[in-house]
Amino acid sequence: MSLPVEAGGSAHIRAERVTGTRASRRVLSDASVTVSARSRIAVVGENGRGKTTLPHVLAGLLTPDAGTVQRSGTIGPARQEPAGRGGETVGTLTSAALAASNTALEALDAATAALADGDPAADDRYATALEATTRLDAWDAERRVDVALEALGACTDRARPLTTLSVGQRHRVRPACLHPEAALPNPSAAPATSRRSGGRSPARPDRPPVRRR
């Protein structure tokens, strides 16, 4: 199983000599840019000069005609006018944000059970799952999203349809789900608890106890 891994502080995007065309018109020509974690870059220019095309190329939504784009970490575009498709709720976005962490936790649970059952192939599975879970800090993922939603003044009702939120309210929900760490006032100040851990600080074992037969 291939498990998701984030790059943390080493996350970055690097574009080199990117060329892009929209509607038969070249809007990017030999554009090079590097965006590191937590950096902020403003793209300024006249209409039709590639201000939208460049971020889409960096995020992988568009393929450049020439040049290269290297990405390390999780890339999440926050659209200017986030749509609320029929049936989508706040919970739809939070579930998507937590999907990678939940996948890693489920893999770790399964590997732990396999170890306890004496599966000879479980050692490698457990090591892989533990590495992914640790790098994602998956034990704390749900708390980070909850804190980010509250810090941005976003709706925390998971059942609330997105179509009932204003554009401004949707703009608060999406960034909190895409990059919750950016909204945390002080991540180290709050205890690492979550619904999944039942309100307790989750354990991060090097290896689970194995039942002896």
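The values are calculated or read from the model by the stated rules, or taken from the named source; none is laboratory data. The shown structure was predicted, so the numbers you read here are calculated from the model rather than taken from an experiment. Virtual Cβ from ideal backbone geometry, glycine too; neighbours counted across all protein chains shown. Protein only, heavy atoms only, side chains kept; ligands, DNA and RNA dropped before computing areas. Shrake-Rupley method; radii C 1.70, N 1.55, O 1.52, S 1.80 Å.
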* Asked: Considering the stretch 93-106 alone, what residues qualify as being at pLDDT 90 or above and under 21 Å from Ser166 (Cβ atoms)?
  -> Thr94
* Unique match (being at pLDDT below 90, polar (S, T, N, Q) and either in a helix (DSSP H, G or I) or open to solvent by less than 50 Å² (accessible area, probe 1.4 Å) (or both)) among Thr133, Thr128, Thr163 -> Thr163
* Structure fact -> Selection from the stretch 30-55 of residues surrounded by fewer than 13 Cβ atoms within 10 Å (Cβ to Cβ) and either modelled with pLDDT under 80 or basic (Lys, Arg) (or both) yields Arg38, Ser39, Arg40
* To do: For residues that are modelled with pLDDT of 65 or more and of a type in the set (Lys, Arg), tally how many sit in the stretch 56-88.
  => 2
* Any idea which of (1) open to solvent by less than 40 Å² (accessible area, probe 1.4 Å); (2) closer than 30 Å to Pro55 by Cα; (3) not basic (Lys, Arg) is the one Trp139 doesn't satisfy? -> (2)
* Taking the stated definitions as given, is Asp109 among the acidic types (Asp, Glu), more than 28 Å from Arg26 (Cβ to Cβ), at pLDDT 90 or above and not in a helix (DSSP H, G or I)? -> no
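Quick one: in the stretch 11-30, which of the residues that are of a type in the set (Ser, Thr, Tyr) and touching an Asp or Glu at 6+ places or on another chain (Cβ under 9 Å) is farthest from Leu58 (Cα to Cα)? Give the derivation first.
To start, the set of residues in the stretch 11-30 that are of a type in the set (Ser, Thr, Tyr) comprises 19, 21, 24, 29.
Imposing the further condition that a residue be touching an Asp or Glu at 6+ places or on another chain (Cβ under 9 Å) reduces the set to 19, 21.
Details: Thr19: 12, Thr21: 14 Å.
Top of the filtered list is Thr21.
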